[in-house]
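Only the coordinates and a few stated rules stand behind these numbers; no lab work does. All values reported here derive from a predicted model rather than from experimental measurement. Ideal geometry is used to build each Cβ from the backbone, glycine not excepted, and the neighbour counts take in all protein chains shown.
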Amino acid sequence: MFSVLLSSQQQSDIWLGVKMSEISIFLIEDHDLTRMGLKATLQSHNGLKVIGEAANATQGLKLLETMKPDVAVVDVGLPDMDGIELTRKFRRYQAETGQSNTKILILTMNHTEDIVLAAFAAGADSYYMKETSINKLIEAIQATYAGNSWIDPAIANIVLKKMRLGLPGESPASDQPKTVKIQALSTDYEQVLETYPLTQRELEILELIVDGCSNGQIAEKLYITVGTVKTHVRNILNKLCADDRTQAAVRALRSGLVG
């Protein structure tokens, strides 16, 4: 019998497809020890392969154009050109040549609003904070390779807020993206939602999740128990095929479930 559990199976099938193929990675990081450490750690993980590296943006950009990795991990603070400008130039190159397979994951210690929004406006797919665990970096690389925008929880609220308002500061004549890069839900996700639509209560809770409320705050606002909130959240994650609250919030905004 078909049930909502199929959403979990769909996720497993998607990730199985990612894991069965080796993800090629290119590192652009100017700190030698950091770059060497990342390379060693990623190489030790089954299914990941670092095919190249660069210590500056100029060299990195040239090698990206020739090596065409699946995922480029790009540090923001490069000496000759920041990672955001590198991303912008590489996206322009991709548009001109039709080479659009390489995804870009920004790597940084900086989570100020201007930097975060500039990175996504330039065409970054994902944004990872350096102090986050290496396991999360591997998760971010896999998600980015699979076509999802992985957003570090530390800056998720910034992105979600601006997604709803649009990115400021872009002139009408600019050839840069005007909003954060967000794609529609896949057909599989839409089919699950059609079969198991969110209830009115789940939509209310999803709206509060997008607003950054904790389970306790949601319970207080809706006058229900935390246990009830957890049950609803679990159902929401299943229906949206999401791994966590941040991913659920992003997919809710992509699909127009909340506005």
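Taking amide H positions as modeled 1.01 Å from N, with prolines and chain starts lacking one, the residues under 5 Å from Leu48 and 5 or more places away or on another chain are Ile23. With the charge dipole of region 195-237 set up from +1 on Lys and Arg Cβ and -1 on Asp and Glu Cβ about the Cα centre, the Cα lying farthest toward the positive end among the listed residues Val233, Cys213, Gln200 is that of Val233.
Once the Cβ-Cβ distance between Leu222 and Thr112 is put in as r, and R0 is 30 Å, what FRET efficiency do you end up with, to the nearest 0.05?
Details: r = 33 Å, r/R0 = 1.11.
The computed FRET efficiency comes out at 0.35.
Annotation: the residues Thr41, Thr144, Thr225, sorted from fewest to most other C-beta atoms within 10 Å of their own C-beta, follow the order Thr225, Thr41, Thr144. Ranking of Glu131, Glu85 by neighbouring Cβ atoms within 10 Å, starting from the fewest: Glu131, Glu85.
Report the net charge of residues surrounding Ser24, where surrounding means a beta-carbon distance below 10 angstrom and charges are Lys +1, Arg +1, Asp -1, Glu -1.
Values: positive: Lys49, Lys68; negative: Glu22, Asp70.
Overall, the nearby charge balance is 0.
When Cys241, Cys213 are arranged by Cβ crowding within 10 Å, least crowded first, meaning fewest neighbours, the order is Cys213, Cys241. Reducing region 17-64 and region 203-259 to their Cα centroids gives an inter-centroid distance of 35 Å.
Couplings for region 229-237, taken from phi via the Karplus curve 6.51 cos²θ - 1.76 cosθ + 1.60 with θ = phi - 60°, read 4, 4, 5, 5, 4, 4, 5, 5, 4 Hz in order; Gly and Pro are left as x.
Gain in length, Ser44 to Glu139, computed as 0.36 nm per residue apart minus the alpha-carbon separation, to one decimal in nm? Can you show the working numbers first?
Numbers: separation 95, 0.36 × 95 = 34.20 nm, distance 1.44 nm.
Length difference between fully extended and current span is 32.8 nm.
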